[in-house]
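Have a look at the structure below, then the notes.
The values are calculated or read from the model by the stated rules, or taken from the named source; none is laboratory data. Since the structure is predicted, the reported quantities are computational estimates derived from the model, not experimental observations. Cβ sites come from the backbone with ideal geometry, for glycine too, and all protein chains shown count toward neighbours. Heavy atoms of the whole protein, side chains included, go into the accessibility calculation; ligands, DNA and RNA do not. Shrake-Rupley method; radii C 1.70, N 1.55, O 1.52, S 1.80 Å.
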Protein chains: 2
Amino acid sequence: MDKKSPIKITLTERNDAVTITQWVYQTLRNAVMYGEILPGRALTIRELAGIMDVSPMPVREALRQLAAENALEIQGNRRVMVPKMTAMKFNELCEARIAIESHAAARALPYIDGERLEQLRSLDSLIDQAQEIGNLEQISLLNQNFHRALYTANPHQVTLPLIESLWLQLGPFMRLANNELDEHYLVDRHNEAMAAIEKKDAYALQIAISADIREGIAFAGTPEMLHALIENSGH
Amino acid sequence: MDKKSPIKITLTERNDAVTITQWVYQTLRNAVMYGEILPGRALTIRELAGIMDVSPMPVREALRQLAAENALEIQGNRRVMVPKMTAMKFNELCEARIAIESHAAARALPYIDGERLEQLRSLDSLIDQAQEIGNLEQISLLNQNFHRALYTANPHQVTLPLIESLWLQLGPFMRLANNELDEHYLVDRHNEAMAAIEKKDAYALQIAISADIREGIAFAGTPEMLHALIENSGH
DNA sequence: AATCATTGTTTGTGATCACAAAAGTTGAAA
DNA sequence: TTTCAACTTTTGTGATCACAAACAATGATT
């Protein structure tokens with residue numbers, strides 16, 4: 001029997017085209033991103049291997065990769081866990097997002113052609129639809145796709161991996177605000193961004209992206225997460 | 001016999017306090033950082049294990065970790081190599097450094113106390129000494145330490161891992177300019193940064209850090225690297 | 001009752017092996 | 001000479017095992 005709190009991980013269908021390590025990596029990455037693993041909970045290789053019904057080897061490699069991306073933390077004890085969050089660290093992560101993503105947006109702007117613009121418009125309207133329904137997970141996913149589509153317009157892009165690392169670290173503690181006021185603001189910011197892109201106005205785009213990030217991030221986690229967020233803020 | 005060009009890797013003393021994987025990781029990381037491995041050259045686990053006289057296992061883990069940090073690239077063929085550089089990508093990496101590091105500097109400024117200021121001054125004068133002698137490797141190392149000491153003044157720092165990733169990617173292609181004119185500028189920029197820190201002027205600090213990065217980066221690699229830098233720029 | 005040494009268990013690390021995919025080589029046909 | 005198929009070798013992936021360090025539990029001593 002497990003002495004610690006049990007771990008629930010959403011298992012996706014395993015595609016034979018990808019290696020087991022890749023599948024384990026994606027599964028664990030999603031589990032971290034969606035806050036399925038409690039921060040501070042020790043993760044052991046054999047336990048995860050048992051849950052996912054694979055040998056310890058792919059789990060070892062996936063854990064090391066996630067640790068290298070700052071999604072997991074390896075302590076001196078060689079123990080692996082989701083890093084605990086503090087209010088100050090949360091704020092630093094948000095400010096880092098704003099600095100890097102507004103830079104990435106400005107750098108991508110000159111490369112946005114008609115096709116890319118069409119793709120962005122399509123994502124924008126999909127987000128509007130998802131907001132009508134109120135599907136928060138869908139909104140979050142589409143919002144990521146919108147930002148990714150914007151930054152990857154730059155064919156020499158180098159910051160996306162860094163941005164994804166920040167998303168991973170914020171993931172467990174980040175939810176789109178679900179009250180109507182913030183929804184309204186969100187729509188406006190996206191429209192602002194689209195307008196700035198069409199006018200090729202880099203500065204306006206940075207303003208819009210910054211505002212989108214700042215207003216789109218709101219803490220709405222579970223009580224356990226809220227507790228984990230606060231408990232160590234004095235350290 | 002090896003069919004490919006042989007790989008020379010500087011082996012450091014192995015400390016019994018660290019695991020073999022950590023030692024392999026640091027060794028390979030240094031090899032990448034100092035451009036000892038030709039971009040595009042395929043790296044095989046067994047070959048590296050043979051060179052470093054360890055089993056394939058630690059090499060596997062170190063390679064995966066370096067790939068997650070964007071220091072190495074895993075192709076679809078499952079082949080691992082140092083990513084090839086292009087002029088555009090080089091430029092993007094430099095601009096990303098400027099954006100992120102000036103942000104990190106501004107965020108660290110409020111936390112710089114007397115002790116940290118003393119440490120920065122000490123590093124600054126050490127850099128001056130190294131420049132008198134003309135020891136480029138020492139200058140590069142001390143310069144990194146200076147930047148690191150500045151950014152880590154912020155106890156809630158989250159961007160250093162991202163910055164180190166950029167350093168790693170630029171490493172093989174980055175050398176401090178060694179003509180006297182640039183040396184002179186470098187000294188000035190450091191002094192500017194120190195002055196901005198003492199005056200707690202965040203904007204002036206960002207200007208100084210940006211200038212330091214922009215002027216401190218100059219391509220001065222080997223002919224092979226220059227060739228590797230250019231050959232694929234059209235792709 | 002509290003502290004510390006001791007014992008038993010769990011866990012990460014590193015080595016070795018089997019296997020399938022990829023790369024490299026050879027040789028024949030055009 | 002060039003092209004393509006068959007064969008051989010190399011290589012990454014994944015599984016299993018041995019071992020030492022870390023952890024948890026137990027018991028003795030003050």
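Observations on the model:
- Shown for the stretch A:147-163: residues covered by the partner protein chains by 20 Å² or more of accessible area relative to the chain by itself (probe radius 1.4 Å), namely A:HIS156, A:VAL158, A:PRO161, A:LEU162.
- A 1.4 Å probe run over the protein chains yields, for the stretch B:1-83, 57 Å² of accessible area per residue, whole-number rounding.
- Contact surface B-A: accessible area buried, both sides summed, square angstrom, 1.4 angstrom probe: 2900 Å²
- Residues listed by number, the stretch B:153-173, amide nitrogen under 18 Å from B:ARG116 label point at 7 Å toward C-beta: B:153-164
- Extension gain, B:GLN75 back to B:LEU136 (0.36 nm per residue minus Cα-Cα distance, nm): 18.6 nm
- Shape call, the stretch B:59-115: gyration tensor on alpha carbons, a/c limit 1.5: oblate
- Cα principal axis extents for the stretch A:18-148, largest first, Å: 49, 35, 31
- Annotation: peptides A:119-128, B:138-147, ranked by per-residue average of other Cβ atoms within 10 Å with the highest first, follow the order B:138-147, A:119-128.
- Structure note, pairs A:LYS200/B:LYS89; A:LYS84/B:LYS84; B:LYS8/B:LYS84; A:LYS89/A:LYS200; A:LYS199/B:LYS199; A:LYS199/B:LYS89: Cα-Cα distances above 28 angstrom occur for A:LYS84/B:LYS84; A:LYS89/A:LYS200; A:LYS199/B:LYS199.
- Sorted from greatest to least, the principal axis extents spanned by the alpha carbons of the stretch B:1-83 come out as 35, 30, 23 Å.
- Number of partner chain Cβ atoms within 10 Å, mean per residue of A:63-70: 5
- R0 of 30 Å, Cβ-Cβ distance A:SER125-B:MET88: FRET efficiency to nearest 0.05: 0.40
- Distance from the Cα centroid of the stretch B:67-141 to that of the stretch A:80-118 is 20 Å (rounded to whole angstrom).
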